[in-house]
């Protein structure tokens, strides 16, 4: 936004962490947004794990704060990256016990957020970044999910859940969830595939990770329906993150083992 770059994260201490927001404007130095009024300082753990932007609503950042033994999913909002507010308690709504937001993604003029909880995956949606609605989560046989990523093309919603036992991908159409990572297009091996990210670019949805043979896995679908594996030239690469921008251009972050 006007050449402004925003990074979110945390500062670690022995007893926990404080959340942080840093902004880079037109100059060469970073400035830190004052944390106290945003509930990002104090005892326990406060952390921001993801941030997204769109032209209509500005920035939304997600993460969690702790109060006593409770971990609470929390959202922060800014129109310009400089002036921030923490959304009120209860936003986003949560009935899953301890929970945290792990991913925020822009969808048109709105947003989708996803995360984990004591009760399993959690997914939320907002048309303006301020008012949030909890969606029914994808069905799972376990609550032991470590990471939850969501992406949407504005119509269909795709959620990837990752645990130590591998990953699952679900597609939501209307209010119904179906498994999306099944069929001949998905590689079969003794070890499970691990999808670690998903993004929507126009009518395409792209999921990335590693297959059961620890080779890069790039799966492409039209609106989260039929999937096809897309060849990836760097067989030693480990795909870690994905992003999409207007026009369908994708950004992949990968690391090759040394």
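We did not get these values from a lab; they are worked out from the coordinates using the rules stated. Because the structure is predicted, anything quoted here is derived from the model rather than measured. Neighbour counts are summed over all protein chains in view; Cβ atoms, including those assigned to glycine, are modelled from backbone coordinates with ideal geometry.
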Determine, from the Cβ-Cβ distance of residue 238 and residue 118 and an R0 of 30 Å, the FRET efficiency 1/(1 + (r/R0)^6), rounded to the nearest 0.05.
0.50
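Using only the alpha carbons of the range 148-228, what is the convex hull's orientation-averaged projected area in square nanometres?
Values: hull surface 19.5 nm².
So the Cα hull casts an average projection of 4.9 nm².
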Report the relative contact order of the chain, percent, no decimals, based on alpha-carbon pairs under 8 angstrom and at least 6 residues apart.
9
log10 I(q)/I(0), Debye, Cα-only the range 94-144, no solvent, q = 0.16, 0.17, 0.31 Å⁻¹?
-0.44, -0.49, -1.21
Can you give me the orientation-averaged projected area of the convex hull built on the Cα atoms of the range 48-147, in nm²?
6.1
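Using the beta-carbon distance between residue 184 and residue 80 and R0 = 30 Å, what value does 1/(1 + (r/R0)^6) give for FRET efficiency, to the nearest 0.05?
Numbers: r = 48 Å, r/R0 = 1.60.
Calculated value: 0.05.
Taking the Cβ of each residue in 194, 146 as the centre, tally the other Cβ atoms inside 10 Å and list the residues starting with the fewest.
Values: 194 21, 146 11.
So the ranking, lowest neighbour count to highest, is 146, 194.
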State, in angstrom, two size descriptors of the range 1-114 derived from its alpha carbons: Rg to one decimal place and Dmax to the nearest whole number.
13.8, 43
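How would you rank 189, 35, 152, 64, going from fewest to most other Cβ atoms within 10 Å of each one's own Cβ? List each step's numbers first, then the result.
Values: 189 11, 35 17, 152 25, 64 21.
The fewest-first ordering by Cβ neighbours comes to 189, 35, 64, 152.
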By counting other Cβ atoms within 10 Å of each Cβ, how are 208, 51 ranked from fewest to most?
51, 208
If you take Rg/Rh (Cα atoms, Kirkwood Rh) from the coordinates, which of [x] 1.03; [y] 0.96; [z] 1.14 do you get?
[y]
